[in-house]
Amino acid sequence: MAINTAGTMTPKRPAGTLYRGREGMWSWVLHRITGVAIFFFLLVHILDTSMVRISPEAYNAVISTYQNPIMGLGETALVAAIVYHAFNGIRIILIDLWSKGAKYQRVMFWVVMGLWVITMLGFAPRHLINVFSHVGGA
Amino acid sequence: MTLVADAPASGPAPEAPIEAFTVTLIIRRFDPDVDDEPRWQDFDVQMFATDRILDALHKIKWEQDGSLTFRRSCAHGICGSDAMRINGRNRLACKTLIKDLDITKPIYVEAIKGLPLEKDLIVDMEPFFASYREVQPFLQSATEPPKDKERIQSVADRARFDDTTKCILCAACTSSCPVFWTDGQYFGPAAIVNAHRFIFDSRDEAASTRLDILNDKEGVWRCRTTFNCTDACPRGIQVTQAIAEVKQAIMRGKP
């Protein structure tokens, strides 16, 4: 960084600036991040569920390792990601198939965010109370 | 704008001097003969609120650094030569007014992204035009027009593709597309817009050929509806809407 005559910083790095896209671009970025995250969850999920074919004890052993607050918080993040991905997925379907979808995409994005908040308000408190009321083996 | 209510009734009010501002532009420079990678350089210019970014670039080139390189032709938003990234968004330099930008901060100007950088604000447009040529952007008909007459089209038929006739091929849309940045094989919004212009033209008979071309792995299905193209278009074309209409036409099998 060098200070120029206007007292501001001239970037030294050669890379360009971050493109300043609007709701559409950020909804896509979030959709991609949540999509990849959900994929890795499904990978683990299929592995742990398949334990039941080895023995019920093996399955229980694996699942019991999830019964701690860190995994509980992880489950909250997982549900947050899935809820966003699901609602935004419906928005993308409407953009592609509904004749007015492109026109109302920005409104639909905020509807998605609203539905996400409502769903998480219903889920997160109930779930976190469940998780943390069992802390310490209670 | 000045209020005239307080002005004395007799004689014209003395003309108020038009206020000039010092504007800092930080431009991403690249000279392939000297630089290994692009570098940022800042310039201070005196500008009026009604000036455009193109005027600032001219002032720099004419008065401060003649080596600054950029394209412009008509300078009035018709030729589509001076698309560049201004404060992180693709814009035409000749249509971006100083008064519409926050000049308390420096203005960042750089070349459009996703096409090979040649010098300063100039990129190689050839991959962009190659995609454009590939969609066959010209009228195709097996039948002759009526003798000594034009091909007749109803107002409604003409209105069907009116929006996509406005394209000036400035590449602001294609180079705003995150998919195009990482996958240069993607046709890009501009090529699809120009295919749309003929696919939905009632006089044209090659719609199915164009739908086949765009029903490709690198065709319309690469579109992830980020709407960057629609926001960037200096002509206000509803680009994502046009792409969605082409997607639907492919699914229907006809325009």
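The values are calculated or read from the model by the stated rules, or taken from the named source; none is laboratory data. Since the model is a prediction, treat every value here as computed from it, not as a measurement. For neighbour counting, all protein chains shown are included, and Cβ atoms are generated from backbone atoms with ideal geometry for every residue, glycine included. For the accessible areas, the whole protein counts, side chains as well, though only heavy atoms, and no ligand, DNA or RNA atoms are used. Shrake-Rupley method; radii C 1.70, N 1.55, O 1.52, S 1.80 Å.
Direction-averaged shadow area of the convex hull around the Cα atoms of the protein assembly as shown, nm²? Mind showing how you got there, number by number?
Details: hull surface 133.9 nm².
Over every viewing direction, the Cα hull of the protein assembly as shown projects on average to 33.5 nm².
Average projection, convex hull of the Cα set of segment B:21-123: 6.2 square nanometres.
When the accessible area of the protein assembly as shown is split by element with a 1.4 Å probe, what percent falls to carbon and sulfur? Here carbon and sulfur together make up 61 percent of the probe-accessible area.
For segment A:17-35, a decrease in accessible area of 20 Å² or greater in the assembled protein chains relative to the isolated chain, with a 1.4 Å probe, applies to A:THR17, A:TYR19, A:ARG20, A:ARG22, A:GLY24, A:MET25, A:TRP28, A:ARG32. Averaged over peptide B:18-31, the number of partner chain Cβ atoms lying within 10 Å of each residue's Cβ comes to 2. Residues in segment B:76-87 carry Karplus couplings, in order, of 9, x, 10, 7, x, 8, 10, 5, 8, 8, 10, 6 Hz; the curve used is 6.51 cos²θ - 1.76 cosθ + 1.60 with θ = phi - 60°, and Gly or Pro positions show x.
For chain B, what is the Kirkwood estimate of the hydrodynamic radius, computed as the reciprocal of the mean inverse distance between distinct Cα atoms, to one decimal in Å? Every distinct Cα pair counted, the radius reaches 20.6 Å. Summarising the label geometry, the points placed 7 Å from Cα in the beta-carbon direction at A:PHE123 and B:ALA130 lie 4.5 nm from one another. About its Cα centre, chain B has a charge dipole of approximately 960 debye under the convention of +1 per Lys or Arg Cβ and -1 per Asp or Glu Cβ, with nothing else charged. Placing unit charges on the Cβ atoms only, positive for Lys and Arg and negative for Asp and Glu, gives the protein assembly as shown a dipole magnitude near 1000 debye about its Cα centre.
Based on protein heavy atoms only, the protein assembly as shown ends up with 55 Å² per residue of surface accessible to a 1.4 Å probe.
Accessible area buried by the pairing of B and A, both sides summed with a 1.4 Å probe, works out to roughly 2700 Å².
Interface burial in segment B:71-117, defined as at least 20 Å² less accessible area with all protein chains than with the chain alone at a 1.4 Å probe, covers B:ARG85, B:ASN87, B:GLY88, B:ARG89, B:PRO106, B:TYR108, B:GLU110.
With contacts taken as Cα pairs under 8 Å at a separation of at least 6 residues, chain B carries a relative contact order of 16 percent.
When the Cα positions of B:THR182, B:GLY114, A:MET25 are compared along the charge dipole of the protein assembly as shown, A:MET25 comes out farthest toward the positive end, with charges on each C-beta of Lys, Arg, Asp and Glu.
Between the C-alpha center of segment B:140-154 and that of segment A:10-32 there is a gap of 47 Å.
What you get for segment B:21-123, charging only the Cβ of Lys and Arg (+1) and of Asp and Glu (-1), is a dipole of about 500 debye around the Cα centre. When the C-alpha to C-alpha distance is required to be over 21 Å, the pairs from B:LYS113/B:LYS247; B:LYS59/B:LYS105; A:LYS103/B:LYS166; A:LYS103/B:LYS247; B:LYS217/B:LYS254 that qualify are B:LYS113/B:LYS247.
Sparse packing (at most 10 other Cβ atoms within 10 Å of the Cβ) combined with a DSSP loop state is found for none of the GluC sites (Glu not before Pro) in segment B:168-255. The residues of segment B:202-247 listed by number as losing at least 40 Å² of accessible area in the complex, against the isolated chain and with a 1.4 Å probe, are B:ARG224, B:THR225, B:THR226, B:PHE227, B:ASN228, B:ASP231, B:GLN241.
Inter-chain neighbour count for B:33-43: the average number of beta-carbon atoms from partner chains within 10 Å of each residue's beta-carbon is 4. Averaged over the residues of peptide A:40-52, the number of Cβ atoms from other protein chains lying within 10 Å of each residue's Cβ is 0.
Counting pairwise Cα distances across chain A, what percent come out greater than 19 angstrom? Roughly 68 percent, once rounded to a whole number. Our estimate of slack between B:ASP35 and B:ASP100, defined as 0.36 nm per intervening residue step minus the Cα-Cα distance, is 20.1 nm. Ordering A:ILE118, B:VAL23, B:ILE103 by Cα displacement along the dipole of the protein assembly as shown toward the positive end leaves A:ILE118 in first place; charges were set at the Cβ atoms of Lys, Arg (+1) and Asp, Glu (-1). Could you tell me which residue out of A:ILE70, A:GLY89, A:HIS127 lies farthest along the dipole of segment A:39-138 toward its positive end? Charges go on the beta carbon: Lys and Arg +1, Asp and Glu -1, centred on the Cα centre. Positive-end residue among those listed: A:GLY89. With a Förster radius of 22 Å applied to the beta-carbon distance between B:ARG203 and A:LEU97, the computed FRET efficiency rounds to 0.20.
Summing +1 for each Lys or Arg and -1 for each Asp or Glu among the other residues whose beta-carbon sits under 15 angstrom from that of A:PHE40 gives -1. Dividing the helix sum by the residues of chain A, where each DSSP H run of 4 or more adds -39500 (n - 2.57), gives a mean residue ellipticity at 222 nm of -24000 deg cm²/dmol.
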